[in-house]
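The values are calculated or read from the model by the stated rules, or taken from the named source; none is laboratory data. What you see is a predicted model, and the numbers here were worked out from it, not measured in a lab. Note that we place each Cβ from the backbone using ideal geometry, even for glycine, and neighbour counts take in every protein chain shown.
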Amino acid sequence: MSLRPRFLTLVLMFALASGIFHAQAARVTVIEGVTLIDGTARGPMQDAVIVIDGARITQVGARKAITSPQNATIIDGKGRFVIPGLADMHHHLLSGSTFPRPNRQTHLRRMLAVGVTTIFNPSLNLKDFAMLKAAAGEDASPFPRFFSTGPMISIKGDLMAALEGGASPETPTDARAVVRDLKAAGVDAIKVMRDDMSWGTKQKLPVMKEDVLKALVMEAHQQGLKVFVHAPMSKYAKESLRAGVDGLMHGVIDEPVDQEFIDLMKRNGASYVSTMTLFNDMADFVGWAHRQAPNWDKAGFQPPRLYDDLTSARSTQQFASIWTNAASVKEHLPVQRANLKRVFDAGVPIVLGTDTGFEGILIGVSTHIELELLVDAGLAPQDALLAATVNAARMVGREKEFGTIERGKQADLVILEADPLADIRNVSRIYRTFKGGVAYEPVDVAKTVPRPQLLPVK
Ligand SMILES: [Zn+2]
């Protein structure tokens, strides 16, 4: 009687101990023989080894310099390439089509299938904000890292901002109160609208008063929050930079940027979020749908009928009725492309962002196409990758945590079947995405969530 319980206890203890041991052992992964593109200024390293223990990278480097742990899961990296996990820093977690309002949590998870391990959403209602923060909070949660400004601060009559619960303060005092409320809600940064929209529509909208903008930026900085501005026009971008903003959520499209612009960007240490997909989509809505089509299969979760819906007369007419100056956007595409290159050449950090979720910019595929557009604009593939990795981490002040493949960093990385430096389109040839040390197979991530509801056939 006295021995048996003791024996059982011992068995139980052993089982528990070995269970724990196995749980830990299962979390050690070694990627062997891979070509490492680590997201630093270093060039690629062949036959590299990466050791992942739990959520972090514990060793990385040339094979001979690594002591491989026992009982690790081995991934054969021969002939494969590894890059840091990608970031899309202007992403609304909407599908980009007129499908019924989606579940943003589903969309966030799906981004792992296309190698995206970090998302920044610059206009989001506080209910969804809290839901996504809770879901993506743990390093090992099956979601990309999630950053957001919550609702953006705009002016009265801005329906897109209002849709997500955005405030429209009219005095400096109101602006400060709005920022404090957002801080209390736990937002990662502040987003503000400064645009008369004349680059995309024929009807000019009013813009926020300058003293309101200044108060808002000052309060945000006092609260330890960066401020990112929607200002695709040079004049408003410069006004915002003079007020102290920390980044532009779109490239500048209306005219060539000048030296004053560059100087202000550098003074503020500001990030330049590209959103070239947005401008291309607006310039030629149907043409853009065609451009995205070849990437849909690779992303693995775009229903083919979404394409039909997007290019239907109903959809294109609706788009044209809102964006009444598409001709001007098309005419100015070369300007925004040249601006991106000029800003890059001046040493300002370019950050990848797509504005995914905006009508016609499809989730998943557009992040990869944005990389292509950065290369089209004159960036080397290596620099386009920096825009989607370490520069993105820096934008939210988290470069010590992720954005490069280095010892001690979060194990957020993508294993590719082909060399992205030889052809940036190879970024879509994903073998595995790792986020917080957990491996995801693209097909699984795409499949394990329900497909969006299809609209009735026209
Ligand atoms: Zn946006």
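Brief remarks on what is shown
- Only a single item in (1) touching a Ser or Thr at 6+ places or on another chain (Cβ under 7 Å); (2) assigned to a helix (DSSP H, G or I) is not met by residue 250, and it is number (2).
- Residues that are within 15 Å of the ligand (Cβ to nearest atom) and β-branched (Val, Ile, Thr) within the range 109-125 comprise just one, 119.
- Here 334, 420 are screened, and the one residue that is free of Cβ contacts under 8 Å to residues at least 12 places away in the same chain and away from the ligand (no atom under 16 Å from the Cβ) is 334.
- Filtering the range 327-352 to residues that are touching a helix residue (DSSP H, G or I) at 6+ places or on another chain (Cβ under 6 Å) and either of a type in the set (A, V, I, L, M) or not in a helix (DSSP H, G or I) (or both) leaves 329, 333, 346, 348, 349, 350, 351, 352.
- Any hit, the range 61-70, residues being surrounded by fewer than 10 Cβ atoms within 10 Å (Cβ to Cβ), polar (S, T, N, Q) and modelled with pLDDT of 55 or more: yes
- Scanning the range 202-242 for residues that are buried (at least 16 other Cβ atoms within 10 Å of the Cβ), in a loop (DSSP other than H, G, I, E, B) and not hydrophobic (A, V, I, L, M, F, W, C) turns up just one, 232.
- Set 214, 238, 183, 209: member being more than 15 Å from the ligand (Cβ to nearest atom) and either among the aromatic types (Phe, Trp, Tyr) or under 22 Å from residue 391 (Cβ atoms) (or both): 238
- A count restricted to the range 353-364 and to residues that are in a loop (DSSP other than H, G, I, E, B), within 14 Å of the ligand (Cβ to nearest atom) and either surrounded by 24 or more Cβ atoms within 10 Å (Cβ to Cβ) or among the small types (Gly, Ala, Ser) (or both) stands at 7.
- Residue ID - surrounded by the most Cβ atoms within 10 Å (Cβ to Cβ), chosen from residues in the range 262-283 that are touching a residue at least 60 places away in the same chain (Cβ under 8 Å) and either assigned to a loop (DSSP other than H, G, I, E, B) or more than 16 Å from the ligand (Cβ to nearest atom) (or both): 274
- In the range 144-158, the qualifying residues are those that are in contact (Cβ under 8 Å) with a residue 60 or more places away in the chain and away from the ligand (no atom under 16 Å from the Cβ), and the one that is surrounded by the most Cβ atoms within 10 Å (Cβ to Cβ) is 144.
- Subset of the range 365-398 (residues that are farther than 11 Å from residue 84 by Cβ and in a loop (DSSP other than H, G, I, E, B)): 377, 378, 379, 380, 396, 397, 398
Conditions (1) part of a strand (DSSP E or B); (2) more than 16 Å from the ligand (Cβ to nearest atom); (3) touching a Gly at 6+ places or on another chain (Cβ under 9 Å); (4) not hydrophobic (A, V, I, L, M, F, W, C), marked per residue:
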{"site": "61", "(1), (2), (3), (4)": "yes, yes, no, yes"}
{"site": "67", "(1), (2), (3), (4)": "no, yes, no, yes"}
{"site": "70", "(1), (2), (3), (4)": "no, yes, no, yes"}
{"site": "74", "(1), (2), (3), (4)": "yes, yes, no, no"}
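- The residues of the range 162-195 that are under 14 Å from residue 231 (Cβ atoms) and touching a Pro at 6+ places or on another chain (Cβ under 7 Å), listed by number, are 191, 195.
- Scanning the range 165-195 for residues that are surrounded by fewer than 16 Cβ atoms within 10 Å (Cβ to Cβ) and assigned to a loop (DSSP other than H, G, I, E, B) yields a count of 4.
- Residue match in the range 87-102 (condition: over 28 Å from residue 183 (Cβ atoms), touching a strand residue (DSSP E or B) at 6+ places or on another chain (Cβ under 7 Å) and either away from the ligand (no atom under 16 Å from the Cβ) or not in a strand (DSSP E or B) (or both)): yes
- Where residue 128 falls short, out of the listed (1) modelled with pLDDT under 90; (2) within 16 Å of the ligand (Cβ to nearest atom): (1)
- Of all residues in the range 71-92, those that are aliphatic (A, V, I, L, M) and crowded, with 22+ Cβ neighbours inside 10 Å total 5.
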